[in-house]
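The values are calculated or read from the model by the stated rules, or taken from the named source; none is laboratory data. Note that the structure is predicted; figures quoted are calculated from it, not measured. Counting neighbours? That spans all protein chains shown, and the Cβs are built from the backbone with ideal geometry, glycine included. Just the protein is used for accessible areas: all its heavy atoms, side chains included, with ligands, DNA and RNA removed. Shrake-Rupley method; radii C 1.70, N 1.55, O 1.52, S 1.80 Å.
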Amino acid sequence: MPSWVTSASSRSWMKSVGHLVVLSSLCCFISGYSDRDRVRDLMSKYPLIDGHNDLALQLRKLHNNRLSQIDLHNVSNVATDINRLQAGHVQTQMFAVYVMCWAQEKDAVRLALEQIDVVRRMCTEYQDFELVTSTQEIKHSEMNRKIACLISLEGGHSIDSSLPALRMFYQLGVRSMALTHTCNTPWAESSSKLYNVYQRQNNSLTHFGKAVVEEMNRLGMIVDLSHTSWETAWAVLKHSRAPVIFSHSSSFSICNHARNVPDWLLQELKKKQGLIMVNLHSKFISCRDEANISHVADHFDHIKKVIGAESIGVGGDYEGAVSFPRGLEDVSKYPALILELLQRNWTERELADVLRRNFLRVFEAVERVRDQLKSTGPSEVQISVEEVQNPCRLVLRPPDTTGHSDRSGSSRARREPKGLLMLSIGLLLSSLHTIQ
């Protein structure tokens, strides 16, 4: 066939496609069915599951957890309340239970219990919320037009290196735990260098750390790798029997922040059939204090290119971060993000996956592993005193009945105040004698 015929056919085909695009746009214009209408209908059918929100932290900071003083339908000085969750088509919210890292060797467990209490209270005292612990309950909440509340423990330091404590948190409704926050634990490594604690070489997930992952698999608790070091994340991906998530992390290739995930680790996540839920904090999006919706969409586009839309979710990190992109200032603005992705030619099927189906798939897989391990008893692995190095950690021992002195640390701690008192009295008497 002559080249001029081929060229003419190609031009004719392109012209026809152009006419179809114009016709399609014209039909939408005439019918009044806009892209915003498509987003509204899509998010009504597939309402969002958001992987991370720190409202409980703000309730403690601003109101000392006194829920009686506020109306959660409309809360000032925060980005999250019931009215805005509903406007943003958020149907399931993973509420983080966060405890500061400097409580690690002190009262982290108590503080975590108090934060679980406030989440449980707000999700049971308000009819718009419903506390859930399974995929079936999430689906049931959607049918009843409720906002489902999932509880996540943000930072493994809150279990005080105790598997029994982990199990008790599960009994209270916790269904996900981030292994670290901005500090290392005695058994896992953080992406942050903010705290110089529990430093190790070539041991980012210890024997006890692996036992934590195994017990979470047995319980049916989602392992969250946001805030862990890349080495710890890689070790967990190799060890876990169930899929894992990054509940609020973005792409390192787009913004080279240590909290974000590099492409090679995304590939490992895909092999595990896991999920990365994109964080909206401006510094993780643009590596600056300011960002816009387009910058956020760039992360979605890149991750989709690397591992596919089936591995992506949304983890806004509202209330846990201080700055968010223009147009995404609070939880009511999620439709603007979906509109941007729709206009970037994401299909409605891909967006339905991102909005909720991917998370449900991962959570269901975690529950299947739990069911497969039903015959496995609770782990009795304990961490050694040497690994913990916690002066406040009491080691229970039988009392000494032989009359010999007990040289244990706890015994010394009881005797030291008396010794200091006698020394002080001696120095006082000596000074008085000198004056006389």
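Below is a table of values for the structure above.
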quantity: Ranked by how many other beta carbons lie within 10 Å on average, peptides 260-272, 56-68 from highest; calculated: 260-272, 56-68
quantity: D301 versus A165: modelled label distance in nm, points set 7 Å from Cα along the beta carbon direction; calculated: 4.5
quantity: Separation in nanometres of the label points that stand 7 Å from Cα toward Cβ, at Q127 and N256; calculated: 5.5
quantity: Per residue accessible area of segment 191-342, 1.4 Å probe, in Å²; calculated: 37
quantity: Virtual paramagnetic centre 7 Å along Cα→Cβ of Y195, amide N under 11 Å, in segment 125-169; calculated: 155-160
quantity: For segment 191-286, Kirkwood radius (reciprocal of mean inverse C-alpha pair distance, Å); calculated: 13.9
quantity: Reach of K146 by Cα under 17 Å, taken over lysines that are not fewer than 8 positions away in the same chain; calculated: K45
quantity: Cβ-derived FRET efficiency at R0 45 Å, S76 paired with Q343, nearest 0.05; calculated: 0.85
quantity: Subset of K61/K139; K106/K333; K139/K210; K106/K238; K238/K305 violating a 29 Å alpha-carbon distance limit; calculated: K61/K139; K106/K333; K139/K210; K106/K238
quantity: Cα→Cβ-extended label distance, 7 Å offset, between K106 and S294, nm; calculated: 4.6
quantity: Relative packing of 212-225, 75-88, which averages over residues the other C-beta atoms within 10 Å, highest first; calculated: 212-225, 75-88
quantity: Length released on extending from E364 to T182, taking residue separation times 0.36 nm less the Cα-Cα span; calculated: 62.6 nm
